[in-house]
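Working notes, beginning with the structure itself.
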Amino acid sequence: MTPILQVEKLSKQFGGLMAVNQATFSVQPGEILGTIGPNGAGKTTLLNLISNMYAPHSGKVLYKGENILGYPPYKIAKMGLVRTFQSTVSYGEASMWENMMRAQLGYHFLGLWPEFLITRAVRERKKIQTEKAETLLRFLGLEKLRDHPAKALPYGYQKLLGLAIALAGDPQLLMLDEPAAGLNHDERVHLMRAIQKIQENGVTVILVEHDMKVVMGLCHRILVLNYGEMIALGTPPEIQRNEEVIKAYLGEDTEIA
Ligand SMILES: Nc1ncnc2c1ncn2[C@@H]1O[C@H](COP(=O)(O)OP(=O)(O)OP(=O)(O)O)[C@@H](O)[C@H]1O
Ligand SMILES: [Mg+2]
């Protein structure tokens, strides 16, 4: 099968620090690839490089076989490569509903004049957007909170809103940066089910996460970074018994089950 993503010798340096050094891996369509590693290991930088928020010092990123380096992030998102952020990102004053509608505008804006004159195409577009916002909020169990201002929501719900906003972009490859951070136990279980369902709907996922239960429970393969170096790539059982990973990150007595 042709990989949906191929990362070849990708590197990023900040001053004297190699934040990501020669990362090389590929992601198969339909796969959930976990990315783990200690704080500062380079996980977020890797996502920033793939989504072109940072220019790499060297290396290549092929998305569906196309070299996307140099493409602006909005173009990459339109091609179906969408990411969420480690911090929550939404319009705080706006309600969840308004956030969902705004999130889709970037993808479906029809131009100033059609929008101003509210043409039939605009009405149709708004109907589709409304249906999609409803479906996604229901999918993530957020529909009862749709009229709440985003900033007044508990942190866990703000994170889920970030996921809903990302899904509004119809991703084919979705990159999630620590979606479970700050969530309580029930919210985590809810999130894991949601990620599973997203994958079952045909979306490929790259999941950066510290929560080992989430990572081991969901991922087909796991990539381990340490000080910018890829130290392992394998299935959850392979990663759990990898000596170097245990030393650098998991620790001898990590409880995963
Ligand atoms: N914009 C930047 N300018 C300078 N240094 C940076 C920048 N972004 C990241 N770094 C450095 O690069 C290294 C990797 O950072 P990165 O945020 O990718 O780590 P991470 O694995 O996501 O960590 P965490 O688990 O804490 O989120 C760190 O040493 C960090 O301080
Ligand atoms: Mg990070």
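The values are calculated or read from the model by the stated rules, or taken from the named source; none is laboratory data. Not measured: the values here are computed from a predicted model. Here the Cβ positions follow ideal geometry from the backbone for every residue, glycine too, while neighbour counts run over all protein chains shown. Surface accessibility is based on the protein's heavy atoms, side chains included, excluding ligands, DNA and RNA. Shrake-Rupley method; radii C 1.70, N 1.55, O 1.52, S 1.80 Å.
Partner lysines whose Cα lies under 27 Å from the Cα of Lys159, excluding those fewer than 8 positions away in the same chain, are identified as Lys43, Lys75, Lys78, Lys126, Lys127, Lys132, Lys144, Lys151, Lys197, Lys213. If R0 equals 51 Å, the separation of the Cβ atoms of Thr235 and Arg123 corresponds to a calculated FRET efficiency of about 0.55. Exposed loop sites here are GluC sites (Glu not before Pro) assigned a DSSP state other than H, G, I, E or B and surrounded by at most 15 other beta carbons within 10 Å; excluding them, the longest clear run of the chain is 94-251. The accessible-area ordering, largest first, of the residues His185, His148, His210 stands as His185, His148, His210, per a 1.4 angstrom probe. So what does log10 I(q)/I(0) come out to for the chain at q = 0.12 Å⁻¹, using the Debye formula with one equal point on every Cα and no solvent? With no solvent term, the Cα-only Debye profile gives -0.73. Among the protein heavy atoms of the chain, carbon and sulfur supply 54% of the accessible surface, probe 1.4 Å, non-protein parts ignored. Accessible area per residue for the range 174-243 is 43 Å², calculated with a 1.4 Å probe on protein heavy atoms, without ligands, DNA or RNA. Modelled label positions at Asn184 and Leu17, each set 7 Å beyond Cα in the direction of Cβ, lie 3.5 nm from each other.
Computed from Cα positions, the angle between helix 155-167 and the longest principal axis of the chain comes to roughly 80 degrees.
Only helical runs count toward this figure. For the chain, summing -39,500 (n - 2.57) over DSSP H runs of n ≥ 4 and dividing by all residues gives -11000 deg cm²/dmol at 222 nm. With a Förster radius of 45 Å applied to the beta-carbon distance between Arg138 and Leu69, the computed FRET efficiency rounds to 0.75. To the nearest 10 degrees, how steeply does helix 185-200 sit against the main Cα axis of the chain, on a 0 to 90 scale? Result, in degrees: 80.
Alpha carbon centre of the range 1-61 versus the range 190-205: separation in Å? So the separation of the two Cα centres works out to 22 Å. Once both axes come from the Cα atoms, what is the angle between helix 96-108 and the longest principal axis of the chain, in degrees from 0 to 90, rounded to 10? Value to nearest ten degrees: 90. Residues considered: Pro236, Pro154, Pro29. Largest GNM mean-square fluctuation over the chain, using C-alpha springs under 10 Å, is found at Pro154.
Here the Gaussian network model covers the chain, with springs between Cα atoms less than 10 Å apart; of Thr44, Thr35, Thr24, Thr24 fluctuates the most.
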